[in-house]
Amino acid sequence: MKVRVLGAAAGGGFPQWNCNCRNCRGFREGTLNAKARTQSSICISSDGENWLLFNASPDIRAQLASFEPLQPARKLRDTGIAAILLMDAQIDHASGLLMLREGCPLDVYCTDPVFEDLSQGFPIFPMLNCPTWNGGFARQPVSPDAEAGFEIPSIRNLRIHAMVLSSKAPPYSPHRDNPVPGDNIGVFVEDLATGGTLFYAPGLGEVEPHLEPWMKRADCVLVDGTLWSDDEMIRQEVGVQLGSTMGHLPQSGPGGMIEVLQPLQARRKVLIHINNTNPILNEDSPERAELTRQGIEVAWDGMEIDL
Ligand SMILES: N[C@H](CSc1cc(C[C@H](N)C(=O)O)cc(O)c1O)C(=O)O
Ligand SMILES: [Zn+2]
Ligand SMILES: [Zn+2]
């Protein structure tokens, strides 16, 4: 299985359009040793031709243009996207579906709560369900029954185990403060040909016991790297919410993602969905040095992982 990171930043990207925090300002001034990043999304494939897109970020157009296999030009209108799987209904993870309307119908796999949010609060599915967009997206249900797993017909040799996890439904959702199972999922993907395995959870607020066996089994763990510290946005005076309030486990501190990743045997431990305020974006920061000491990588746009 090939994993391609299309976007590695949290909502707003890096640098964020309206932000002049030390990272965003430093990047613009050319004084920060960092790479720009678009909003988080990855795609995976077992054959290099049929790709499963995880989330559709607002930056999807540029992201598709940056990776040639996603525009194979085999016919007048074409895409390498065989299907889309949504991890949640967050604006920065789903709004890119609107940019794909010319390619409908396309299969979009999502849980019932995500389908509800994207049919009511942020009604992408009904909006595009019209003749102009060929009826819009074809929603395929995802049951977060990890043990069972499922395969996507157009994507050979990949078995996907979806599991409920604790993060946050989007701010517009009625589930925001009344969570239901399936608001957010993580996935364990197994390549049935190579045996390679990936655990992917760009939004992860708490590592509950039912996730641990899957994380321990994965060759690559690609997980939530939004904030270095829980109060990062408050301390930098760019926000009022804690990371934990937004459904993201910070890297540092007791019980943080560094501690979670440390005992895992995965040969690749990678953080993704990095907020623009996060000091790990600065490749010369002590925080980045700590990650390196721990064998933890920071995803960047264009990163490829072979499993
Ligand atoms: N998903 C979010 C939590 S992550 C996230 C964070 C921001 C903050 C923004 N980058 C900034 O620095 O001001 C904007 C977003 O769009 C995000 O998705 C939630 O549910 O609260
Ligand atoms: Zn996000
Ligand atoms: Zn910033």
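A few notes on this one:
- Being within 16 Å of ligand 1 (Cβ to nearest atom), within 19 Å of residue 203 (Cα to Cα) and in contact (Cβ under 8 Å) with a residue 40 or more places away in the chain is a property that does not hold for residue 15.
- Just one of (1) open to solvent by 50 Å² or more (accessible area, probe 1.4 Å); (2) in contact (Cβ under 8 Å) with a residue 60 or more places away in the chain fails for residue 140. It is (2).
Matching residues to (1) crowded, with 21+ Cβ neighbours inside 10 Å; (2) within 23 Å of residue 280 (Cα to Cα); (3) at pLDDT 95 or above:
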residue: 26; (1), (2), (3): no, yes, yes
residue: 32; (1), (2), (3): no, yes, yes
residue: 53; (1), (2), (3): yes, no, yes
residue: 89; (1), (2), (3): yes, no, yes
residue: 93; (1), (2), (3): yes, yes, yes
residue: 101; (1), (2), (3): no, no, yes
residue: 117; (1), (2), (3): yes, no, yes
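- Residue in region 154-169 that is of a type outside the set (Lys, Arg), away from ligand 2 (no atom under 16 Å from the Cβ), under 19 Å from the mean Cα position of the chain (by Cα) and in a loop (DSSP other than H, G, I, E, B) present: no
The values are calculated or read from the model by the stated rules, or taken from the named source; none is laboratory data. Remember, it's a predicted structure, so these values are computed and weren't measured experimentally. For neighbour counting, all protein chains shown are included, and Cβ atoms are generated from backbone atoms with ideal geometry for every residue, glycine included. Just so you know, the surface numbers come from the protein's heavy atoms only, side chains and all, with ligands and any DNA or RNA stripped out. Shrake-Rupley method; radii C 1.70, N 1.55, O 1.52, S 1.80 Å.
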